[in-house]
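Here is the structure we will look at.
The values are calculated or read from the model by the stated rules, or taken from the named source; none is laboratory data. Everything numeric in this text was worked out from a predicted model, so none of it was measured. Positions of Cβ are generated from backbone atoms using ideal geometry, with glycine treated the same way; all protein chains shown enter the neighbour counts. These accessible areas exclude ligands, DNA and RNA; they are computed on the full protein's heavy atoms, side chains included. Shrake-Rupley method; radii C 1.70, N 1.55, O 1.52, S 1.80 Å.
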Amino acid sequence: MPVVVITGTQWGDEGKGKVVDVLTEKANIVARYQGGHNAGHTVVIKDETYILHMIPSGILHKGTLSIIGNGTVVEPRNLLEEIDGLREKGIEVSGDNLLLSKGAHLIMPYHLALDAGTEKKLGKDKIGTTGRGIGPAYTDKMARRGIKAGDLLFPEIFREKLEKNLAYTNAVLEKVYGIDTFSVDAVYNEFMGYAEMLREHISDTGVVLGRALEGGENILVEGAQGTLLDIDHGTYPYVTSSSASAGGAAIGLGIGPTKISNVLGIVKAYTTRVGEGPFPTELNDDLGAHIQKKGGEFGATTGRPRRCGWLDMVALRYAARVNGLTGIVITKLDILDGIDEINICTEYEVDGGRTADFPNTAAELEQCRPVYESLPGWKESTAGVMRYEDLPEGAKQYLKTIEKMLGVEIQVICTGPRREELMVLKNPF
Ligand code: IMP
């Protein structure tokens, strides 16, 4: 009963979608455990590009069951648009291959208004959210006034919860933010429409996963965002509002932690970050701009340019510990082709001394300066290379150095956006 968790080790956008897509060949089920449509997973198959925000990329494989778990937050209109988009491209989506947990919380229209209002109020101190209502939806969940996907199936309960919620939220919108309030009737009617369309997908996914585990099926568990955006372990408050690291997988799907057999950390060959917050290895120069352009580092959800920088071993060692990584996947190696000298941050300089420990607070991280070890780059192209032996010496040395510094085995290396542009050194299932 192997359960393999795929988790981002940086600030998201590590290329998880493609890895999940490829490993899905060995999986019976692909399940997503947290986050919402703030995520953007890009998968290129032949000449078709699929950008998925909410639906696990397992949906692109016939015969695989995709599950959106209880730990996620779901905006129904967006989910329905994503389903329609897939159908238009000839992908079959039905209650047979896509299930939404009854326990997933709904992102309501007022969550979007609250997200925008909060960011506006924060002004220069804003988080730089994706504006998808993620934080407010999780706030309602924790404050125990959230509405779950399962509530869509019971109109009276849904209405009652909505009335209670809006009695509070409308007061906040009006008095704190000075923005328009929401009518119970309008939201109720809109969501009852979604309920009809989503009915076939809404299910007790914990039961489905439990049976699959008993039956010895392979389950691929997909995280969104990354460890450094995790609500507990990330650079708080510049984080997302869910448990993006591997620990979130058990909670967000309702499977016990002892059932997880492997945790595969996705590591982009360099580092990127979208939104605000400290980033010690950021390159605010021509090289940073080069990596951004060559790597297509623009948000799949918001289109915002991603900040780019060198690989940060302090952060990666931290991610290895927090996630209990059993292996890593290196993505976008080819983007570093042709760079003369490649830096890896090994320690931080702070308060006149050095540390190899990732600090607990964003304020402390802000003070850290990177200490680099330099490696010679490589001139040859690694784009599309599919055998380790065919990689240039410089690239091999870079990979070996990462593996040695991290103490975690590299199991997969990606050299391009297409499904086939990768090498699997060890199968995680
Ligand atoms: P939120 O998740 O929309 O609340 O945004 C909080 C922070 O997480 C912001 O810095 C976003 O840019 C970042 N973020 C959220 N989702 C992603 C993602 O999928 N990739 C990268 N950054 C993300």
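A quick yes/no check of all residues on (1) surrounded by 23 or more Cβ atoms within 10 Å (Cβ to Cβ); (2) part of a loop (DSSP other than H, G, I, E, B):
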| residue | (1), (2) |
| --- | --- |
| LYS62 | no, yes |
| ILE67 | yes, no |
| VAL73 | yes, no |
| ARG77 | no, no |
| GLY90 | no, yes |
| GLY95 | no, yes |
| LEU99 | no, no |
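The condition of being of a type in the set (Gly, Ala, Ser), within 16 Å of the ligand (Cβ to nearest atom) and touching a helix residue (DSSP H, G or I) at 6+ places or on another chain (Cβ under 9 Å) does not hold for GLY303. Give the number of residues within the stretch 379-427 that are among the charged types (D, E, K, R) and part of a helix (DSSP H, G or I). So the answer is 7.
Of the residues in the stretch 210-219, not one is touching a helix residue (DSSP H, G or I) at 6+ places or on another chain (Cβ under 7 Å) and open to solvent by 60 Å² or more (accessible area, probe 1.4 Å). Checking the stretch 296-312 against the condition returns no match, with no residue being open to solvent by 20 Å² or more (accessible area, probe 1.4 Å), touching a residue at least 40 places away in the same chain (Cβ under 8 Å) and touching a Pro at 6+ places or on another chain (Cβ under 6 Å).
Can you find a residue in the stretch 270-278 that is closer than 20 Å to LEU333 by Cβ, away from the ligand (no atom under 13 Å from the Cβ) and in contact (Cβ under 8 Å) with a residue 60 or more places away in the chain? Yes, the stretch 270-278 has at least one match. Does ILE6 satisfy the condition of being more than 16 Å from the ligand (Cβ to nearest atom) and either within 26 Å of ILE134 (Cα to Cα) or open to solvent by 20 Å² or more (accessible area, probe 1.4 Å) (or both)? Answer is no for this residue. Quick check: anything in the stretch 353-366 modelled with pLDDT of 95 or more, assigned to a strand (DSSP E or B), open to solvent by less than 40 Å² (accessible area, probe 1.4 Å) and among the hydrophobic types (A, V, I, L, M, F, W, C)? No, the stretch 353-366 contains no residue that is modelled with pLDDT of 95 or more, assigned to a strand (DSSP E or B), open to solvent by less than 40 Å² (accessible area, probe 1.4 Å) and among the hydrophobic types (A, V, I, L, M, F, W, C). Residues in the stretch 34-58 that are under 22 Å from GLY226 (Cβ atoms) and more than 16 Å from the ligand (Cβ to nearest atom): VAL44, THR49, GLY58. Selection over the stretch 123-170 of residues that are in contact with a helix residue (DSSP H, G or I) (Cβ under 8 Å, 6 or more places away or on another chain), away from the ligand (no atom under 16 Å from the Cβ) and assigned to a loop (DSSP other than H, G, I, E, B) gives a count of 2.
Just wondering, is there one or more residues in the stretch 122-129 that are of a type outside the set (S, T, N, Q), within 24 Å of ASN70 (Cβ to Cβ) and under 22 Å from the mean Cα position of the chain (by Cα)? Reasoning before the result, please.
Step one: list which residues in the stretch 122-129 are of a type outside the set (S, T, N, Q), which gives 122-128.
This time we only want the ones that are within 24 Å of ASN70 (Cβ to Cβ), so: none.
Checked against the condition, which is being of a type outside the set (S, T, N, Q), within 24 Å of ASN70 (Cβ to Cβ) and under 22 Å from the mean Cα position of the chain (by Cα), the stretch 122-129 yields no hits at all.
When the stretch 9-33 is limited to residues that are assigned to a loop (DSSP other than H, G, I, E, B) and closer than 16 Å to LEU220 by Cα, the one that is farthest from the ligand (Cβ to nearest atom) turns out to be ASN28. Looking at the stretch 248-282, which of its residues are open to solvent by 40 Å² or more (accessible area, probe 1.4 Å) and under 27 Å from TRP310 (Cα atoms)? Of everything in the stretch 248-282, those that are open to solvent by 40 Å² or more (accessible area, probe 1.4 Å) and under 27 Å from TRP310 (Cα atoms) turn out to be GLU276, GLU282. Within the stretch 246-269, the set of residues being more than 14 Å from the ligand (Cβ to nearest atom) and in contact with a Ser or Thr (Cβ under 6 Å, 6 or more places away or on another chain) comprises ALA246, ASN262, VAL263, GLY265, VAL267.
Just one of (1) surrounded by 18 or more Cβ atoms within 10 Å (Cβ to Cβ); (2) within 16 Å of the ligand (Cβ to nearest atom); (3) not hydrophobic (A, V, I, L, M, F, W, C) fails for PRO237. It is (1). Note on the stretch 313-350: among residues that are within 16 Å of the ligand (Cβ to nearest atom) and under 25 Å from MET386 (Cα atoms), the one that is surrounded by the most Cβ atoms within 10 Å (Cβ to Cβ) is THR331. Of the residues making up the stretch 171-194, those that are over 30 Å from THR42 (Cβ atoms), touching a residue at least 60 places away in the same chain (Cβ under 8 Å) and assigned to a helix (DSSP H, G or I) number 3. Out of GLY150, GLY146, GLY103, one residue alone is over 25 Å from ARG304 (Cα atoms), surrounded by fewer than 23 Cβ atoms within 10 Å (Cβ to Cβ), under 21 Å from the mean Cα position of the chain (by Cα) and at pLDDT 95 or above. It is GLY103. Checked across the stretch 74-85, the condition of being touching a strand residue (DSSP E or B) at 6+ places or on another chain (Cβ under 7 Å) and more than 16 Å from the ligand (Cβ to nearest atom) holds for at least one residue. Hey, any hits in the stretch 100-120 for a residue that's in contact with a Pro (Cβ under 8 Å, 6 or more places away or on another chain), acidic (Asp, Glu) and within 16 Å of the ligand (Cβ to nearest atom)? Checked against the condition, which is being in contact with a Pro (Cβ under 8 Å, 6 or more places away or on another chain), acidic (Asp, Glu) and within 16 Å of the ligand (Cβ to nearest atom), the stretch 100-120 yields at least one hit.
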